[in-house]
Amino acid sequence: MKYLIIFFLSLNLCANENPRISAHEEAVSALASLHFVKDGRGMTLTPDAVNMFDFMAKFLGLSKPSDGKALREKAKVGMFTKRWGLIEQDKIIKGFFNVPYKKMNIGAMGCAVCHSGKAAGQYIIGLGNKNIDIGRLASDTYQASKLWKKLTVLKRKSKDYKRIEKDSMAFAKRLGDQELNNLTQGLVPISMIMSWFYRVVEGTETPKGSPRGVVKVPHFWGYGKKRFVGQFADGFGNGTHAGWGLAVELAGTQTAENVRQMIPKIEHAENMLADILPPKYPFKVNQIIAARGKKIFNNTCFKCHGTYERDQNGLPLYKEPKHIKIQVVKTDEDRLKGLTPHFLSLVDRNPLPEFIQNNDVPPGYFAPRLESTWARFPYLHNGSVPSIMALLTHPLERPKFWDLQRVGEKERFNEETLGLTLPKEGSREYKKLEREAKSGARDVYSTERVGQSSKGHWFRFSDKLSIQDKKDLIEYLKTI
Ligand code: HEC
Ligand code: HEC
C-alpha cells in the first residue's frame, strides 16, 4: 500500500501538469539569476571583478607555472568555495555575477549567493547557503581591491569606474568590519543591514559595540504566508510591501531613488518566492515509526509549530508560523539586541517609509514551519544545533564544536540524528576541532562565540521524551 501511494505520488510529480510544480520551477530558475544591480550600484564588491580575480589566481598559481591554467582554476575555486563559502556546481560559482556596465565587468552578488545551498549532496535553490562567509569575502575583496588599485594606477579610469570603485570599496570595508561581521561561516551579520539606517538617517556609522546579530540564511518555502506575519527570524520587518530584497540592496551601494524605481521588480521577486516548494527527503522513511512520531508531535511541538497537511497532489499546504516570545523559547538573544529604541526611531525616519516598516512584535523568534526540516541543519536562527537529535537533547549536553567543511555533502549527512555527522565528544578529532574553534577558525562552529550559544528551546515536556520518542519524532519530520 505504502509503495502504491508513493508510486502514484511520483507519477503525479513526473507528469508536471501540476501548476504548483511548474510555478516552483519558474521561481527557482528566476531566483538563480536574480540580482538588482542598477546603474553600477547594488551588492557590488568590486568593479573589474573578472580582471582582478583572474590576476589574483594567476598570482596564486605562480609557484608552479608548468601546471598553468588548471592550477589557477583550482586556486580560484578553492578561494571561492573553502574560504568564502560560495557554492560551485557544474564548474559554475553560484549567484556571483559579472554585470556589464559601460564597458566594465562589475562583480555583483546575487540572491543565490546566500539563498541557495547544499544538503545531503543536493544543490537546492531556496535553501540557505550553510557556508557563506560574507565577512571574509568582503575583507579579502577589500584588501585585493586596494592592491588592484595600486597596480592599475596608470590605467585610464572613467568617472564611472572611479565612482564604482569608491562605493564598492566602502561597502566591502563596512561588511568586513572585524567588530561587526560574522565570526563563523554560514552566519550572516544583521548589523550589515542595520548600518544603512545609521548612514542614511543620521550620517553615522553603526555604533561600536553594536551586536553582530548573526543568523543563518533562512529557507524560502512557505515565505508567501510568513511574510505577512513578519519578516526575518524575529519578525521585525513588516512584509506587506516589498521589503527585504530591498533592504539587502540598500545595504549595498544602492541609492534610495534607484530602489524606488525597482519596487515593481522587487515586489515581483517577493511574490515569486511564494511558489517555491520544499525539497523531498531524499532517503527512505519508515512510515510506521513516522506515524508514531506524528502523534507525539501533535501533542507537544504543534502548539508552536502547528500541524501539517497536504493538497490533493501531495504538496504542502503552507500556513503562517507563530511568533514566540524570547522569555518562552530562551534561545540566544544577541540577534534581538540591535533593536534599541534609537534604532527603531531610525527605521521610522528612513527615506523609503512606505516600504520599510517596523512590525510591532515583542522580542522573540518565529517557531518556523517545519517543512523539509531535514535540509535546514544546523538548527535555530543562529545555526547553533547540528542535528534534531541534539535539539531534543538538554541544552547543556548539546555539541559545542563542529566542522563546517563540506557540511552540504552526502557523507556529512546523518539520517538517524537528522543533521550533521560529528566526531564523538572527547575523541582526538573532537579535541582538534575544539582547539581550532578556540583559535578562531571560521570553518569550525563554536557555541562559545557571541551570538552562537545553543541555549533554550527546552520545554516542560522535553525532559519526558524517551529515546524512542525522539527517534519517532525525527522520522515524522522527514515526512513533512
Ligand atoms: C549576504 C547574504 C544574503 C544575500 C546576498 C541575500 N540575502 Fe536574503 N537573507 C539573508 C539572511 C541572513 C536572512 C535572514 C535575516 C534574519 O532572519 O534576520 C535573509 C532573509 C531574506 C528574506 C526574509 C525571509 C523570511 O523568512 O522572513 C527574504 C524575502 C530575502 N532574504 C530575500 C532576498 C533577496 C530577494 C535577495 C537578493 C536581492 C537576498 N535576499 C539576498 C541573507 C542574504
Ligand atoms: C513553546 C514553543 C515551541 C515548542 C513547544 C517547540 N518549539 Fe521548536 N521552535 C520554537 C521557536 C521559537 C523556534 C526558533 C528559535 C530560534 O531560532 O532561536 C523553534 C525552532 C525549532 C527548529 C529549528 C528550525 C530551523 O529551521 O532551524 C526545529 C527543528 C524545531 N523547533 C523543532 C521542534 C520540535 C520537534 C518540537 C517538539 C518536540 C518543538 N520544536 C517544540 C518554538 C517551539
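Quick check on my filter: what residues within segment 334-382 are within 13 Å of ligand 1 (Cβ to nearest atom) and of a type in the set (D, E, K, R)?
Within segment 334-382, ASP334, ARG335, LYS337, ARG369, GLU371, ARG376 meet the criteria.
Would you mind listing the helices (runs of 4 or more DSSP H) fully within segment 257-334 where at least 2 residues are over 23 Å from the mean Cα position of the chain (by Cα) and of a type in the set (D, E, K, R)? Even if it seems obvious, please write down each step before you answer.
Details: elements: 263-273, 287-297, 302-305, 326-329.
The helices (runs of 4 or more DSSP H) meeting that bar are 287-297.
Consider GLY117 carefully, then state whether it is within 14 Å of ligand 1 (Cβ to nearest atom) and under 23 Å from PHE236 (Cα atoms).
Values: within 14 Å of ligand 1 (Cβ to nearest atom): yes; under 23 Å from PHE236 (Cα atoms): no.
Taking the combined requirement at face value, the residue does not satisfy it.
Of the residues LYS322, LYS303, only one is away from ligand 1 (no atom under 16 Å from the Cβ), of a type in the set (Lys, Arg) and either modelled with pLDDT of 95 or more or not assigned by TED's automatic domain parsing to the domain that holds GLY237 (or both); which?
Working: LYS322 fails: away from ligand 1 (no atom under 16 Å from the Cβ).
Being away from ligand 1 (no atom under 16 Å from the Cβ), of a type in the set (Lys, Arg) and either modelled with pLDDT of 95 or more or not assigned by TED's automatic domain parsing to the domain that holds GLY237 (or both) holds for just one of LYS322, LYS303, which is LYS303.
From ALA233, ALA242, which residue is under 26 Å from ALA138 (Cβ atoms), within 16 Å of ligand 2 (Cβ to nearest atom) and in a loop (DSSP other than H, G, I, E, B)? Spell out how you get there, then give the answer.
Details: ALA242 fails: within 16 Å of ligand 2 (Cβ to nearest atom).
None of the others qualify; the one that does is ALA233.
Please verify whether segment 252-262 includes one or more residues that are surrounded by fewer than 19 Cβ atoms within 10 Å (Cβ to Cβ), free of Cβ contacts under 8 Å to residues at least 60 places away in the same chain and more than 16 Å from ligand 1 (Cβ to nearest atom).
Yes - at least one qualifying residue is present in segment 252-262.
Given the structure, is VAL188 within 12 Å of ligand 2 (Cβ to nearest atom) and either under 21 Å from ASP140 (Cβ atoms) or in contact with a strand residue (DSSP E or B) (Cβ under 6 Å, 6 or more places away or on another chain) (or both)? Full working, then the answer.
On the way: within 12 Å of ligand 2 (Cβ to nearest atom): no; either under 21 Å from ASP140 (Cβ atoms) or in contact with a strand residue (DSSP E or B) (Cβ under 6 Å, 6 or more places away or on another chain) (or both): yes.
Considered against the rule, which asks whether it is within 12 Å of ligand 2 (Cβ to nearest atom) and either under 21 Å from ASP140 (Cβ atoms) or in contact with a strand residue (DSSP E or B) (Cβ under 6 Å, 6 or more places away or on another chain) (or both), VAL188 comes out as no.
Has segment 92-110 got at least one residue that is of a type in the set (Val, Ile, Thr), under 27 Å from PHE413 (Cβ atoms) and not assigned by TED's automatic domain parsing to the domain that holds VAL407? Working first, answer last.
Residues of segment 92-110 that are of a type in the set (Val, Ile, Thr), as a first pass: 92-93, 99, 106.
Filter once more, keeping what is under 27 Å from PHE413 (Cβ atoms): 92-93.
Cutting the leftovers down to not assigned by TED's automatic domain parsing to the domain that holds VAL407 gives us 92-93.
Yes, segment 92-110 has at least one match.
Please state which of the following conditions ASN286 fails to meet, knowing it meets all the rest: (1) away from ligand 2 (no atom under 16 Å from the Cβ); (2) over 30 Å from ARG460 (Cβ atoms); (3) touching a residue at least 24 places away in the same chain (Cβ under 8 Å); (4) surrounded by fewer than 21 Cβ atoms within 10 Å (Cβ to Cβ).
Going through (1) away from ligand 2 (no atom under 16 Å from the Cβ); (2) over 30 Å from ARG460 (Cβ atoms); (3) touching a residue at least 24 places away in the same chain (Cβ under 8 Å); (4) surrounded by fewer than 21 Cβ atoms within 10 Å (Cβ to Cβ) one by one, ASN286 breaks only (2).
How about segment 1-104: which helices (runs of 4 or more DSSP H) wholly inside it have at least 1 residues that are surrounded by 13 or more Cβ atoms within 10 Å (Cβ to Cβ) and modelled with pLDDT under 80? Show your work before the answer.
On the way: elements: 2-15, 19-32, 49-60, 68-78.
In segment 1-104, the matching helices (runs of 4 or more DSSP H) lie at 2-15, 49-60, 68-78.
The values are calculated or read from the model by the stated rules, or taken from the named source; none is laboratory data. In this text, all values refer to a predicted model and were calculated from it rather than measured experimentally. For neighbour counting, all protein chains shown are included, and Cβ atoms are generated from backbone atoms with ideal geometry for every residue, glycine included.
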